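S.K.: The structure's right below; bear with me while I get my questions together.
Read-outs: derived from the displayed coordinates by stated rules, not from any lab. Please read these numbers as outputs of a predicted model, since none were measured by experiment. Because the Cβ atoms are built from the backbone with ideal geometry, glycine has one as well, and the counts that use them run over all protein chains shown.
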Amino acid sequence: MAQNTPLSSAGSTESVPDSVLLGVYLSSRVIRIGTVSDDGRLLSFRRESYYDHAGRPESGPALADHLKSLITATEQASPAPVKAIGVGVPGLVNHATRRIVSVTNAPSLVDVDLFREFEREFKVPIDFDNNANASAYAEMASGVAKGVGDWLYLSIGTGIGAGLVLDGKLRRGKSGYAGEVGHMNIDPDGDQCACGSFGCLETKASAPNIVRRTRTRLRRDATSWLSRFRAEDLTYEHIIEAAQQGDDLARLMMQRTGHFLGMAVADLINVLNFSMVVIGGAPAARPFLVPAITEEARRRAFGPAFEDCQIVAAQLGEEAGVIGSALLAGKLLARA
């Protein structure tokens, strides 16, 4: 298991509140957790892997126990009592049943009624949502989208999801599945996605498929810095790092990824007349993706709708999902 990052103070010099919110953000490989004030200040933060040394994720029950143990430890170390817990997961959450119905990197987690387990274990309100919605809510509360009414948060990682905000409110659809931008169809002759469809955006622009496309190009381009890696060892992070160092192939792959994303963004701008599209995912990738997405969206979108919309990088980093998950849990208290 990867080395853990210990629980630590986020370094705020402001006073500690009488009670705090707790946010948990389950990414594709790492659990992030922390305490958050009502106004979105991150008070403490830690992260640790839920993969073993062989690169396998924990089973659903083991991961559930791991999460409960981390929450308990965070509660005990909290600067104030925890009054609500919010959890963001990299998949679909049915808001009617409060069940996780899809998690690509930890599929056995769907067999665990995590909400009920948390409800029994922790005697505070519990909220579950998908990661894109959690990060979008953080950007809306204290990031680049503060005060923006109609906008989209685009999450780019192992999958591609979105937080959809209309009239200043997160929109989740009938069951909570709105925002599955990654499964928009962009290539009629494209490869089959893990979801079963063909030619969807994730087959081109998700992190694993950026790596797959880069491996294919490396067979023809041995001059790239990336050629030093064995194909099985190459990662999205390596491609971003090479792009930062000026590697031509890496920059080309990031630009082409941005163009695929821009195709989808153009259609969404046309349909929903957003005032802003916020590009999330790996912070180091944003300087490459934002210009490429903007270029392609400008080329494809209806002119007046495109002119209404800013395409910008997300302001918050890896802590966004923790903050957003916590603040969404805080909304439960406001409605109580």
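S.K.: If amide hydrogens are placed 1.01 Å from N in the peptide plane, which non-local residues have theirs closer than 5 Å to the one on Val82?
M.R.: Distant-sequence amide H within range of Val82: Val20.
S.K.: What do you get when you divide the Cα radius of gyration of the chain by 2.2 N^0.38 Å, with N the number of residues?
M.R.: 0.98
S.K.: Let me ask something additional. Between the helical axis of 131-142 and the dominant principal axis of the chain, each derived from Cα atoms, what acute angle in degrees is found, rounded to the nearest 10?
M.R.: 80 degrees
S.K.: For the range 147-313, what is the percent of antiparallel DSSP beta bridges, rounded to the nearest 5?
M.R.: 60 percent
S.K.: Between the DSSP loop rule and a limit of at most 14 other Cβ atoms within 10 Å, which trypsin sites (Lys or Arg not before Pro) in the range 102-142 are left?
M.R.: Those satisfying the criteria are Lys123.
S.K.: Out of all DSSP beta bridges in the chain, what portion is antiparallel? Express it as a percent rounded to 5.
M.R.: 65 percent
S.K.: Right, here's the next one. Could you tell me which of Gly196, Gln76, Asn133 has its Cα farthest along the dipole of the chain towards the positive end, charges placed at Cβ (Lys, Arg +1; Asp, Glu -1), taken about the Cα centre?
M.R.: Working it through, the farthest residue towards the positive pole turns out to be Gly196.
S.K.: In debye to the nearest 20, how big a dipole does the range 131-186 give about its Cα centre with +1 on each Lys and Arg Cβ and -1 on each Asp and Glu Cβ?
M.R.: Charge dipole, the range 131-186, about its Cα centre: 140 debye, nearest 20.
S.K.: Once fully extended, how much extra length lies between Val101 and Asp65, figured as 0.36 nm per residue of separation less the alpha-carbon to alpha-carbon distance?
M.R.: Result: 11.1 nm gained on full extension.
S.K.: Oh, and also: Can you classify the range 99-143 as rounded, prolate or oblate using the Cα gyration tensor, where a ≥ b ≥ c are the square roots of its eigenvalues, rounded means a/c under 1.5, and otherwise it's prolate if a/b beats b/c and oblate if not?
M.R.: Oblate shape, in that a/c is at least 1.5 and b/c is the bigger or equal ratio.
S.K.: Rounded if a/c is under 1.5, else prolate if a/b is larger than b/c, else oblate: which is the range 32-189, with a ≥ b ≥ c the root eigenvalues of its Cα gyration tensor?
M.R.: In terms of gyration-tensor shape, oblate.
S.K.: Within a Cβ distance under 11 Å of Ser19, other residues only, what is the Lys/Arg minus Asp/Glu net charge?
M.R.: -1
S.K.: Using helices alone, I'd like the mean residue ellipticity at 222 nm for the chain: each DSSP H run of four-plus residues gives -39500 (n - 2.57), total over residue count, nearest 500.
M.R.: When only DSSP H runs of four or more count, the value is -11500 deg cm²/dmol.
S.K.: Lysines near Lys146 by alpha-carbon distance under 26 Å, same-chain residues fewer than 8 away left out - which ones?
M.R.: Lys83, Lys169, Lys174, Lys331
S.K.: GNM, the chain, Cα, under 10 Å: largest mean-square fluctuation among Ala73, Ala96, Ala138?
M.R.: The residue that fluctuates most here is Ala96.
S.K.: For a footprinting-style exposure proxy, rank Met254, Met276 by other Cβ within 10 Å, fewest first.
M.R.: Met276, Met254
S.K.: Arrange the following residues from fewest to most other Cβ atoms within 10 Å of their Cβ: Tyr153, Tyr137, Tyr50.
M.R.: Result, fewest neighbours first: Tyr50, Tyr137, Tyr153.
S.K.: Next question, about the same structure. Give, as a single signed number, the net charge of other residues whose beta carbon lies under 13 Å from the beta carbon of Cys195, with Lys and Arg counted +1 and Asp and Glu -1.
M.R.: Computed value for this residue: -3.
S.K.: For a quick check of your reading of the filter: which trypsin sites (Lys or Arg not before Pro) in the range 227-320 sit in a DSSP loop and have no more than 12 other Cβ atoms within 10 Å?
M.R.: Arg230
S.K.: Name the most mobile residue of Val312, Val20, Val112, meaning the one with the largest mean-square fluctuation, in a Gaussian network model of the chain with Cα contacts below 10 Å.
M.R.: The residue that fluctuates most here is Val112.
S.K.: State to the nearest 20 debye the size of the charge dipole of the chain about its Cα centre, where the only charges are +1 on K and R beta carbons and -1 on D and E beta carbons.
M.R.: For the chain, the charge dipole is close to 300 debye.
S.K.: Same structure, new question: So what's the gap between the Cα centers of the range 223-265 and the range 91-141, to the nearest angstrom?
M.R.: Answer, in whole Å: 32.
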